1. Looking at this structure, is Gln59 part of a helix (DSSP H, G or I) and either touching a Pro at 6+ places or on another chain (Cβ under 8 Å) or under 23 Å from Asp132 (Cβ atoms) (or both)?
2. Considering only segment 44-65, how many residues are without any contact (Cβ under 8 Å) to a residue 60 or more places away in the chain, within 21 Å of Ala32 (Cα to Cα) and surrounded by fewer than 19 Cβ atoms within 10 Å (Cβ to Cβ)?
3. If the requirement is being in contact with an Asp or Glu (Cβ under 9 Å, 6 or more places away or on another chain) and under 21 Å from Asp263 (Cα atoms), which of these qualifies: Leu325, Leu301, Leu290?
4. Six or more apart or on different chains, Cβ under 6 Å: which pairs go from a residue in segment 66-80 that's on the phi > 0 side of the Ramachandran plot to one that's among the acidic types (Asp, Glu) and in a strand (DSSP E or B)? Could you list them?
5. Can you pull out every residue in segment 137-153 that is outside any helix (DSSP H, G or I) and within 18 Å of Phe40 (Cα to Cα)?
6. Given the conditions (1) closer than 21 Å to Ile124 by Cβ; (2) crowded, with 21+ Cβ neighbours inside 10 Å, which single one is not true for Ile225?
7. Scan segment 244-272 for residues that are in contact (Cβ under 8 Å) with a residue 40 or more places away in the chain, within 29 Å of Val133 (Cα to Cα) and surrounded by fewer than 17 Cβ atoms within 10 Å (Cβ to Cβ) and report the count.
8. Would you check if there is a residue in segment 19-38 being touching a Lys or Arg at 6+ places or on another chain (Cβ under 8 Å), in a helix (DSSP H, G or I), of a type outside the set (D, E, K, R) and at pLDDT 95 or above?
Amino acid sequence: MKLEELAEKCGEWLRGSGPESDIVISSRIRLARNLAEYPFVRRASDDEKAAISKAVRRQIEAEPSWNDLVFLDVDRLNELDRQFLVERQLMSRELAENEGVRGVAIDLNEQFSVMVNEEDHLRIQVMRSGLDVMEAWERISQIDDLLEKGLNYAFHDRLGYLTACPTNVGTGLRVSVMLHLPALVITREIEKVFRSLQKINVAVRGLYGEGSQFMGDFYQVSNQITLGRSELELVDTVSQVVPRIIQYERKAREFLVNESEQDLHDDVSRAFGILCTAKKISSEETLHYLSKVRMGVNLGLIRDVKMGTINKLFVHTQPAHLQKLRGHAMSVADRNIERANYLQQHLLPPAPGSSSNN
């Protein structure tokens, strides 16, 4: 599989078709697992890392229902390809930056992936569009069972699954929901929401997970600890918290419409105008303005632009995606020009007689 082919597509989790998709971009569940026969990744030799990768790949290829999975040797990918997979949320930044033998198995529909030799031997993740945590849990449980048929997981009767980081010991499960919260940012209520989440052991991270910056008003909400909790308890915790955040965001949007609709409409229209007319634009600016436009589309302030188009632009305008779509590496200056052109191709009305990009 060529990654250029993947770049042309829009992942299932980006379609904006799931429950509460006006605010919730995606639901993701991740499981951390290690093989009992080998030391943790940071203590494993190159030969041991290679053996871990071989064992996981062999089990994946032995499962007949996974014929559409592609296994990539991450250590053999160039920097651009690794960055592309991070932008696509198919693998973590840590896996991209690690050393030694490591890999990732990718479902071509982009509903799940299996990372090998990240912080743990395996990081299994399932992604769904919108707020669909329970469906994601049921799917990842099935994947975990299929992998465990041929792999000997490190498990302790009292502690549960053993992981490299103590906070993951137990279930090894992380439930994460990505939300778009522009109104809470505008009304300056976002910090208050964060403080309330910290009190109940719910973490807030940036667009690309742990250690990443908050960009485009996107926030990932997830459980902080797993030890002492069952899988369903962790799923239930996040499932109960997210609807409250959705409610806060909707109230903030309602407040903005009722109290300052003209100012809001002006702000959204200016953002849309910049995206449609800029001759060059950075990825940071693009995320900032797309965030406003996305809220405008949801509130009916901008018409004739589909939500799926906006969601796709958040990813396709990132540096590695632009270069993959263009077919070659570009300087920062050239990317800024190409990004502006790409935005206009997808946001402006099609010329008479041409097909629509929206």
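The values are calculated or read from the model by the stated rules, or taken from the named source; none is laboratory data. Here the structure is a predicted model, which means the values were calculated and not measured. Cβ coordinates were reconstructed from backbone atoms using ideal geometry, including for glycine residues, and neighbour counts include every protein chain displayed.
1. No: the conditions fail for Gln59.
2. So the answer is 7.
3. Leu301
4. From residues that are on the phi > 0 side of the Ramachandran plot, there are no pairs.
5. Of everything in segment 137-153, those that are outside any helix (DSSP H, G or I) and within 18 Å of Phe40 (Cα to Cα) turn out to be Leu151, Asn152, Tyr153.
6. (2)
7. 2
8. The answer is no; no qualifying residue exists.
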